[in-house]
1. How many residues are touching a residue at least 40 places away in the same chain (Cβ under 8 Å) and of a type in the set (Ser, Thr, Tyr) when one looks only at region 1-60?
2. (1) among the small types (Gly, Ala, Ser); (2) surrounded by fewer than 17 Cβ atoms within 10 Å (Cβ to Cβ); (3) closer than 21 Å to His141 by Cβ: which one isn't true of Ala310, the others all being true?
3. Within region 48-61, is there a residue that is farther than 16 Å from Ala203 by Cβ and among the basic types (Lys, Arg)?
4. Any idea which of (1) surrounded by 15 or more Cβ atoms within 10 Å (Cβ to Cβ); (2) of a type outside the set (Asp, Glu); (3) under 21 Å from the mean Cα position of the chain (by Cα) is the one Val301 doesn't satisfy?
5. Where in region 21-136 are there helices (runs of 4 or more DSSP H), lying wholly inside it, with at least 2 residues that are more than 21 Å from the chain's Cα centre (by Cα)?
6. Considering region 125-158 alone, what residues qualify as being among the polar types (S, T, N, Q) and under 30 Å from Ala250 (Cβ atoms)?
Amino acid sequence: MREEVLFSVDTPYRQPLPVRGWRFGAAGEKSLAVLGALRGNEIHQMYVCAQLIQALERLEAEGRLSADCGVLVIPCANQFSMNVGRRFWAADNTDINRMFPGYDGGETTQRVAARLFQALQGYRYGVQLTSFYLPGDVVPHVRIVHTGYEHVEEAEGFGLPYTVLREPQPYDTTTLNYNWQIWNTQAFSLYTRETDGVDQAAARLAVEAILRFLAGKGLLLPALGEETVSLPAGEKTALVPEGRLRSVLAGTGGLFLRRKEPGETAEPGEVLAEIVDPCTGRVREALRIEKPGRVFFAHKVQLIHGRETAFRILPEKL
């Protein structure tokens, strides 16, 4: 294991903040890059990277990384926002993941994106541990942007239940996933249930998925005396075009009392959640669906506004 400062970020009123990376395996090899927190509330994503670093350190000490394996793990690239509890860049509220491939002579977040992208270029595979764009819980899945350069079948190696294929919107062209692919890296965004808190079970799931991917590529070797790499069995992966997910919107605002959790099935007429008057406790609305499906995303914040997305439902038949 080799720890290094990849670059430093200048911030107002304090010393520059270093962005650190941990390297494993053969020097000069660029097999897999893993990026954790790019936003200031992605505590769980940073924690997953910390657990992955511990696992890779142990595996490297056991001689279980192949001769052509080279892994870079960056737990956090936005300490500034994390330190002050802001999701986006604290000085101007911009999102670094809308700044790629970056511009070294531009605004601060453009410069951060440029230097980060420089450190991440040239890898065969790239995994971004990122958070869902809606505030809530989501089933574990891998997301790929459809650029024409993607190899969707590669995502099966993580052993997660779903691979979501997203048709890019104009703003997607400035994300890390999109630009990684354009610059010849097979890119995957890996989502687990939690974001702004630590979920140890979800973290184990994510670490196991990444190690399973490495093993499938022959980059992780079996332990001495074993024929295969011993990891929990993954699930069969279903390909989900993002456009097939159905949104359930709140018709009114109030307290959001969730009755269904991500991953649970829902039948027509079943109550997914109740929206309650915060002052009287009376039910203003009961959210239901018309066709059977599985809860893919569920709103989490206790208050919800009218017309806000409460659930996203995966149809029973894709």
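The values are calculated or read from the model by the stated rules, or taken from the named source; none is laboratory data. The shown structure was predicted, so the numbers you read here are calculated from the model rather than taken from an experiment. As a convention, Cβ positions derive from the backbone with ideal geometry for all residues, glycine included, and neighbour counts pool all protein chains shown.
1. 3
2. With (1) among the small types (Gly, Ala, Ser); (2) surrounded by fewer than 17 Cβ atoms within 10 Å (Cβ to Cβ); (3) closer than 21 Å to His141 by Cβ applied to Ala310, the lone miss is (2).
3. No: region 48-61 contains no residue that is farther than 16 Å from Ala203 by Cβ and among the basic types (Lys, Arg).
4. All conditions are met except number (1).
5. Where helices (runs of 4 or more DSSP H) fall fully within region 21-136 and carry at least 2 residues being more than 21 Å from the chain's Cα centre (by Cα), they are 43-61, 108-120.
6. Matches in region 125-158: Gln128, Thr130, Ser131.
So that you can scan it fast, the table gives a plain yes or no per residue for (1) farther than 23 Å from Pro161 by Cα; (2) assigned to a loop (DSSP other than H, G, I, E, B); (3) outside the structural domain of Gly197 (by TED's automatic domain parsing):
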residue	(1), (2), (3)
Thr252	yes, yes, yes
Leu255	yes, no, yes
Lys260	no, yes, yes
Glu270	yes, yes, yes
Ile275	yes, no, yes
Pro278	yes, yes, yes
Ala286	yes, no, yes
Lys291	no, yes, yes
